[in-house]
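Undergrad: Starting off with a structure, shown below.
The values are calculated or read from the model by the stated rules, or taken from the named source; none is laboratory data. Only a predicted model underlies this, so the values are computations on that prediction, with no experimental measurement involved. Heads up, the Cβs are rebuilt from the backbone with ideal geometry, glycines too, and the neighbour counts pull from every protein chain shown.
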């Protein structure tokens, strides 16, 4: 493989620690000590791109402003390769161990070769408004190094910038602050534990903050939740990439927060990719209160096990959890025992006005829809709440021959006094066949009022 690669791409061996620019391509150069993929080599427009290692998936990240040609050489025969999301319509040219394809500009893709771990291709748009390392309030981590940062604390008006080609090992904490940003094209490695207690550490936590921005970084190897907003307002997350591979590696947790937009993200987690909550999570962490106006759009999700792809719950110590929208989402896989569409209301909240719109599901295993009012070990309120006015619209689900008899859907109130009401399936398709009845999705119900198929 090596000799063939050198013959085809004579410039791939050049050493760089920042980046090279090739017409519409910017190839990031990471420090030599950062682990490389054992399964893939990647070229874009003839330029070798760092293929990096994470536990459950490898990844390559670069910038492009237009169409680029991608070549991946794997360690084993690549027949059966798919480029996901399938909605991109990209068909690769496969020849033995090589996979070639073209992308028309910035996007997030997953190269799926049977019997190999996934390879994520993160093609960023060109960077604009790159900050100065010496700007006031700037925490700047330069390319070409692995920075053993430990816990980074951000305050009012400050910015954490991880330059493309930099790796920061640590966690981020921000409390009661305004106008705080985490930016850059580099990597945040959260794979460490509290030095004093040995406890797992959440990678990024914003606590009671306003006007928060998190853009474009890659997050890998968490030991717990990856990105958390607790009692926050005016939050924007754009272009975030995550590869999480531990129990409780929630991707983005929106806890008792309002006015949140999450878009253009690519999240691979072994727990919930998106979790909307309100509750007590440690002895000193109390994020109680209503959740309102959360929009998640134009994202790609891969869920391992356990957890759910798009979750509301379990902890919902609030009066209202309302106006939640997921739209234009590609679900590549839901491998584990969780669900694709899930609401688990275990506390007193009224969960209402929830919309899933224009969702494409390429694979699921255990549960497709799971809406339940429950009483679980995660919950503290003495009374149960309810779920009402939920719509699933323009949903397209791939239903394989493995699903019948094994995969189900559940909609259940806790009691007649804590029901689920007004659930609408509108233009809901399995293998492009429109669903008109509960039996077609093997739907089991209890304490439910009004389910409609339109």
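Undergrad: Please find, within the range 384-401, the residue that is surrounded by the fewest Cβ atoms within 10 Å (Cβ to Cβ) out of those that are touching a strand residue (DSSP E or B) at 6+ places or on another chain (Cβ under 8 Å) and in a loop (DSSP other than H, G, I, E, B).
TA: Going residue by residue through the range 384-401, those that are touching a strand residue (DSSP E or B) at 6+ places or on another chain (Cβ under 8 Å) are 384-399.
In the following step, the residues that additionally are in a loop (DSSP other than H, G, I, E, B) were identified as 384-385, 398-399.
On the way: 384: 20, 385: 26, 398: 16, 399: 20.
Ranking the qualifying residues of the range 384-401, first place goes to 398.
Undergrad: Report yes if some residue within the range 229-236 is part of a loop (DSSP other than H, G, I, E, B) and either over 23 Å from residue 274 (Cβ atoms) or touching a residue at least 60 places away in the same chain (Cβ under 8 Å) (or both); otherwise report no.
TA: No; the residues of the range 229-236 include none that is part of a loop (DSSP other than H, G, I, E, B) and either over 23 Å from residue 274 (Cβ atoms) or touching a residue at least 60 places away in the same chain (Cβ under 8 Å) (or both).
Undergrad: Name the residue, out of 394, 403, that is free of Cβ contacts under 8 Å to residues at least 60 places away in the same chain and either assigned by TED's automatic domain parsing to the domain that holds residue 112 or on the phi > 0 side of the Ramachandran plot (or both).
TA: The match here is 394.
Undergrad: Given the conditions (1) modelled with pLDDT of 95 or more; (2) farther than 22 Å from residue 64 by Cβ, report the number of the one that residue 216 does not fulfil.
TA: Failed condition: (2).
Undergrad: Take the residues in the range 192-209 that are over 26 Å from residue 321 (Cβ atoms) and assigned to a strand (DSSP E or B), then tell me which one is nearest to the chain's Cα centre (by Cα).
TA: The residue in question is 200.
Undergrad: While we're looking at this one, here's another question. Say we look at the range 313-354 and pick out the residues that are under 21 Å from the mean Cα position of the chain (by Cα) and not in a strand (DSSP E or B); which of these is nearest to residue 379 (Cα to Cα)?
TA: 338
Undergrad: Now, a different point. Within the range 370-379, is there a residue that is within 23 Å of the chain's Cα centre (by Cα) and either under 25 Å from residue 300 (Cα atoms) or not in a loop (DSSP other than H, G, I, E, B) (or both)?
TA: yes
Undergrad: Regarding residue 179, is this residue over 29 Å from residue 123 (Cβ atoms), part of a strand (DSSP E or B) and in contact (Cβ under 8 Å) with a residue 12 or more places away in the chain?
TA: yes
Undergrad: Here is a further query. Looking at 248, 280, can you tell me which residue is assigned by TED's automatic domain parsing to the domain that holds residue 349, part of a loop (DSSP other than H, G, I, E, B), touching a residue at least 24 places away in the same chain (Cβ under 8 Å) and surrounded by fewer than 24 Cβ atoms within 10 Å (Cβ to Cβ)? Talk me through it step by step, then tell me what you get.
TA: On the way: 280 fails: part of a loop (DSSP other than H, G, I, E, B).
One residue alone meets the criteria, 248.
Undergrad: Right, something else. Can you tell me which residue within the range 225-240, out of those that are more than 14 Å from residue 180 (Cβ to Cβ) and either surrounded by 22 or more Cβ atoms within 10 Å (Cβ to Cβ) or touching a helix residue (DSSP H, G or I) at 6+ places or on another chain (Cβ under 6 Å) (or both), is modelled with the lowest pLDDT? Break it down into steps so the answer makes sense when it comes.
TA: Let us first name the residues in the range 225-240 that are more than 14 Å from residue 180 (Cβ to Cβ), namely 225-226, 231, 238-240.
Checking which are either surrounded by 22 or more Cβ atoms within 10 Å (Cβ to Cβ) or touching a helix residue (DSSP H, G or I) at 6+ places or on another chain (Cβ under 6 Å) (or both) leaves us with 225-226, 240.
Working: 225: 92, 226: 95, 240: 98.
My answer is 225.
Undergrad: Right, something else. Within the range 407-421, count every residue that is more than 26 Å from the chain's Cα centre (by Cα) and either crowded, with 16+ Cβ neighbours inside 10 Å or assigned to a loop (DSSP other than H, G, I, E, B) (or both).
TA: The initial filter retains those residues of the range 407-421 that are more than 26 Å from the chain's Cα centre (by Cα), namely 412-421.
Narrowing the set further to residues that are either crowded, with 16+ Cβ neighbours inside 10 Å or assigned to a loop (DSSP other than H, G, I, E, B) (or both) leaves 412-414, 416-421.
Count: 9.
Undergrad: Just checking, which of 199, 115, 189, 129 is in contact with a strand residue (DSSP E or B) (Cβ under 8 Å, 6 or more places away or on another chain), outside the structural domain of residue 363 (by TED's automatic domain parsing) and either touching a residue at least 60 places away in the same chain (Cβ under 8 Å) or exposed (fewer than 15 other Cβ atoms within 10 Å of the Cβ) (or both)?
TA: On the way: 115 fails: in contact with a strand residue (DSSP E or B) (Cβ under 8 Å, 6 or more places away or on another chain); 189 fails: either touching a residue at least 60 places away in the same chain (Cβ under 8 Å) or exposed (fewer than 15 other Cβ atoms within 10 Å of the Cβ) (or both); 129 fails: in contact with a strand residue (DSSP E or B) (Cβ under 8 Å, 6 or more places away or on another chain).
Just one listed residue meets the conditions, 199.
Undergrad: Does the range 149-161 include one or more residues that are modelled with pLDDT under 95, loosely packed, with under 15 Cβ neighbours inside 10 Å and either part of a strand (DSSP E or B) or within 24 Å of the chain's Cα centre (by Cα) (or both)?
TA: Scanning the range 149-161, I find at least one residue that is modelled with pLDDT under 95, loosely packed, with under 15 Cβ neighbours inside 10 Å and either part of a strand (DSSP E or B) or within 24 Å of the chain's Cα centre (by Cα) (or both), so the answer is yes.
Undergrad: What residue, of 243, 262, 217, 212, is more than 13 Å from the chain's Cα centre (by Cα) and either in contact (Cβ under 8 Å) with a residue 24 or more places away in the chain or buried (at least 24 other Cβ atoms within 10 Å of the Cβ) (or both)?
TA: 212
Undergrad: Considering (1) buried (at least 23 other Cβ atoms within 10 Å of the Cβ); (2) within 19 Å of the chain's Cα centre (by Cα), say which one residue 183 fails and leave the rest.
TA: Of (1) buried (at least 23 other Cβ atoms within 10 Å of the Cβ); (2) within 19 Å of the chain's Cα centre (by Cα), only one is false for residue 183: (1).
Undergrad: Could you give every pair whose Cβ atoms fall below 6 Å, whose first residue belongs to the range 83-94 and is free of Cβ contacts under 8 Å to residues at least 24 places away in the same chain, and whose second residue is in a strand (DSSP E or B) and surrounded by fewer than 15 Cβ atoms within 10 Å (Cβ to Cβ), counting only separations of at least 6 or pairs across chains?
TA: The qualifying pairs are 93/100.
Undergrad: Out of (1) within 20 Å of residue 388 (Cα to Cα); (2) part of a loop (DSSP other than H, G, I, E, B), the odd one out for residue 294 is which?
TA: With respect to (1) within 20 Å of residue 388 (Cα to Cα); (2) part of a loop (DSSP other than H, G, I, E, B), residue 294 is out only on (2).
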